[in-house]
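The values are calculated or read from the model by the stated rules, or taken from the named source; none is laboratory data. Predicted, not measured: the structure shown is a model, and the values here were computed from it. With ideal geometry, Cβ positions are generated from the backbone for all residues, glycine too; neighbour counts draw on all protein chains shown. Side chains are part of the model used for accessible areas, which takes the heavy atoms of the whole protein and leaves out ligands, DNA and RNA. Shrake-Rupley method; radii C 1.70, N 1.55, O 1.52, S 1.80 Å.
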Amino acid sequence: MSLVNKEDIRSLFLITLPTILIMLIIVELVLTWLAPVADPFERYKNPDQTQSNYIESQFKPNSKFTFEIEQRLPDMDSVVVFTTNNMGFRGDSIIQPKPKEEYRIFIVGGSTTENLLIDDSWGLERKVQEALQDSLKPKTVKVYNAGKSGDGSPDHLAMLAHRITHLQPDLVVLFPGINDLNRLFGGYDYLHFPISSASEKNLDA
């Protein structure tokens, strides 16, 4: 004798599953009303255009940040110092005009390039500079980190066009990707730059 008969299967599809589906919808509606959750992609759908329309994302020159890292995290320093040079990039000071003997490299990307919680002494730009110096003698290798958390392709292009090109880089390394994917999830329109201003926001308020 079968443990499951036709009536049980019929009841499953006609009563049990529809009831579960209806209950899930009711629970979702109740939670949306009683405990709404902020849209994680809101900043991509409605970007703040009160900043520079040419360079939306950048560090100020000669900035310094100090972070205290939670203890017992493996391979993490307890105190991390993050600084920017005279042009707002991580790395040594930039000399202008560019010295003839200098081989100048810029690394552009998002948070994985920026490495905010990695100390200056262990920064990506520092380690790459040290690794390349011996192999590129007699040139003096200088590596500058232009990474910024949250930056996507439009930010990288703006950084290259307005902050890096005139500094005569010999090599530019791009490390983009994940932030563009996040923006696509949020419906970001790469073809049409949104027009907004502080005055319009004040009128709407």
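Per-structure values
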item	result
Other-chain or far-sequence residues with amide H under 5 Å of I94's (modelled H)	N86, M87
Under 22 Å between alpha carbons - lysine pairs in the range 16-162 that sit 8 or more apart or on different chains	18
Heavy atoms of S153: accessible area, 1.4 Å probe, square angstrom to 10	40 Å²
In nm, spacing of pseudo-spin labels at S121 and I55 (7 Å Cα→C-beta vector)	3.0 nm
Solvent-accessible surface (1.4 angstrom probe) belonging to K60, in square angstrom, nearest 10	150 Å²
Amide H within-cut-off set for V141, under 5 Å, with H built and near neighbours excluded	Y103
Most to least packed among 105-111, 16-22 [average Cβ atoms within 10 Å]	105-111, 16-22
Distant-in-sequence amide H partners of G177 (H built 1.01 Å from N, under 5 Å)	none
